[in-house]
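Below you'll find the structure, written out as structure tokens, and then a few comments.
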Amino acid sequence: MSTESLSEVHASVGTNTRTGWRRILSFLGPAYLVSVGYMDPGNWATDLAGGSQFGYKLIWVLLMSNLIALLLQSLSARLGIVRGMDLAQASRHFYPKSVNIPLYILAQIAIIACDLAEVIGMAIGLQLLFNLPLIWGISITVFDTFLLLFLMNRGMQTMERFIVSMVFVVGVSFLVEMFIIKPDLIEVAAGFKPTALSGSALYIAIGIIGATVMPHNLYLHSSLVQTRKIERNEPSIREAIKFNLFDTTIALNLAFLVNAAILVLAAGAFFKNGYYEVAEITDAHKLLTNIFGSLAPALFAIALIASGQSSTITGTLAGQIIMEGHLNLRIQPWLRRLITRLLAIFPALMTIIYFGDDALGELLVLSQVVLSLQLGFAIIPLIHFVSNKYEMKQFAIKTWAKVFAWISAIVIISLNVKLVYEELHTWLTTTAHDWWIFLVIFPMILGIVFLLLYVFIFPLIRTPKTEVVRVPHGKALQITDIDHFKHGRIGITVDFSKNDINTIRKALAQGGTDAEYFLIHVVETAGANYHGGNVMDLETVNDEENLEKYRENLVALDYKANALIGYGKRSKSIAKLVIANNLDLLVMGAHGHKGLSDWIFGTTLDSVRHQVNIPVLIIR
């Protein structure tokens, strides 16, 4: 089993053979995938609210959020480059298993919340552009899973180019809209001056920070930088850190410009025209139509679709990273991504079915609240890891970087605490039956607070062990003399295709004439599935005759052979026959299917492997 983060594309982009600008450009890309998370529909919602209610006054909050994100993303990239681990893997090797499980659950909830915002945003964009009902728009986003699989199979840089093209569409759309709206540049510049925040302005500022500095991007960036293959020496590592800092700075500043453009759009189109209560993305689209005609709303919808499409891909990748990192659990890539997407689609569909389309705006805001609450569990471990001189050695961050990182963490966590307090206060004052808050919400909050304190304190009191296991599967064992043996009872699966000869020949080589062989075939007709061994259709009769011919051929060659017929599901029947006949080796032929054929036909091997406890030899 591969142990690298995003093993499908790990170290897949070469850098050592390139020189000059081509060498620098080979490092650019990971931060662009990360930057789309700063332009997702959740950001749109907070930027639109800030611009429509307060004009240009909150641009400085966007800038502050971007600076915090720039610092944390650079630390995330440093961790991945130096340690060769993503943030989730580092957490698994540093914290106890009992802590990693809740950390994984919280991170997975944040991934679902992030993906939820992107699903909703893309569905809204499809509705605005094509008048497609939201429930259908949400349903078809499941196919993003297969787009991601296709892009990853095409290579990491192909996926990066696709993401950059989506970001380009977003940027051009808002650039054109800026010319349509013609904002007051002097007032825009004045918005960069910090002002006091209170009331709804503070609440929106919290939303902007929470939507900008997202936990899944920290997991994602620490993994994506490992797609660049570098030499594991000090000069090469320092060079990779430097070039990835360039990549991060450029990409996040571009993301800042897009977010600022959304806020300026809202300020120029709505605040200036007296529309102070633009609450949702659909409201903004309607008002743009009323004020500017058809061009601006069309560009707005196209940019929203591009934003949702690109953010969806990066969010799903982050889901893969935290599952493999925290739990060391790997499943089929397409299935893993499909599960992540379905977990995001389900609450959106339930919201539409039970509460109607109008409730999606509230669900979008809730997703950003959930996302914001998980930040501390990603930021605190990250700062600890990159500050640890025992693990990072000469690449540990300097004192000044450590101070700014902890200040950023304190600001974000404090704002989250305030957000939770305000939400609880609202619930308690507006809910008639608040018993569930005391029985469910309060214990949950106390548990989360305890976990956050543990994550912060544990690295401060933990002393480095004499022997630290830094690899996922431990150390290689000493190989001594090995006894030679041959298997005594060998099963051979056959399907009467041209592959059978090669499968049988390789199986006979494992035991020679001393072993006993069991030729296995499964009848999978509809009758066999229903009637089992009682079926006597034409296919069953022919298969029994063919299997008996194989047995007779082997007996004629002085091999001890038996014929076994199974009925129904192939993998289940094979496993049952293996166990019933006490076999000690199973030889199976692989057909070499790829793509869709592999999904349909190639699952038998893996399924059988997990149902038997004997060696399985696969023959191509």
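No lab work stands behind these numbers, since they all come straight from the coordinates. Since this is a predicted model, take the numbers as computed values, not measurements. Using ideal geometry, Cβ is built from the backbone for each residue, glycine included, and neighbour counts are taken over all protein chains shown.
Things to note:
- Neighbour-count order for 161, 551, 228, fewest beta carbons within 10 angstrom listed first: 161, 551, 228
- Between residue 229 and residue 497, the modelled labels are 3.3 nm apart [label points 7 Å from Cα along Cα→Cβ].
- Summarising the label geometry, the points placed 7 Å from Cα in the beta-carbon direction at residue 557 and residue 136 lie 6.0 nm from one another.
- Between residue 179 and residue 572, full extension at 0.36 nm per residue minus the direct alpha carbon distance yields a gain of 135.0 nm.
- The stretch between residue 407 and residue 236, if pulled fully straight at 0.36 nm per residue, gains 58.5 nm over its current Cα-Cα span.
- Proximity of backbone amide H atoms, modeled 1.01 Å from N, is registered between residue 614 and no other residue at under 5 Å, excluding neighbours fewer than 5 places apart on the same chain.
- Modelled FRET efficiency - R0 56 Å, residue 439 with residue 399, Cβ distances, 0.05 increments: 0.80
- Potential extension, residue 353-residue 161 segment - 0.36 nm per residue separation minus Cα distance: 65.4 nm
- Amide H contacts of residue 516: 489, 490, each under 5 Å away and 5 or more positions distant or on a separate chain (H built 1.01 Å from N in the peptide plane; Pro and chain starts excluded).
- Amide H contacts of residue 587: 491, 492, 493, 617, each under 5 Å away and 5 or more positions distant or on a separate chain (H built 1.01 Å from N in the peptide plane; Pro and chain starts excluded).
- All lysines inside 18 Å of residue 486 as judged from Cα atoms, apart from same-chain residues fewer than 8 positions distant: 506, 560
- Once both labels are positioned 7 Å from their Cα atoms along Cα-to-Cβ, the gap between residue 414 and residue 195 label points is 2.2 nm.
- By the count of neighbouring beta-carbon atoms within 10 Å, fewest first, 424, 554, 583, 335 end up ordered 335, 424, 554, 583.
- Fewest-first ranking of 122, 214, using other Cβ atoms within 10 Å as the exposure measure: 122, 214
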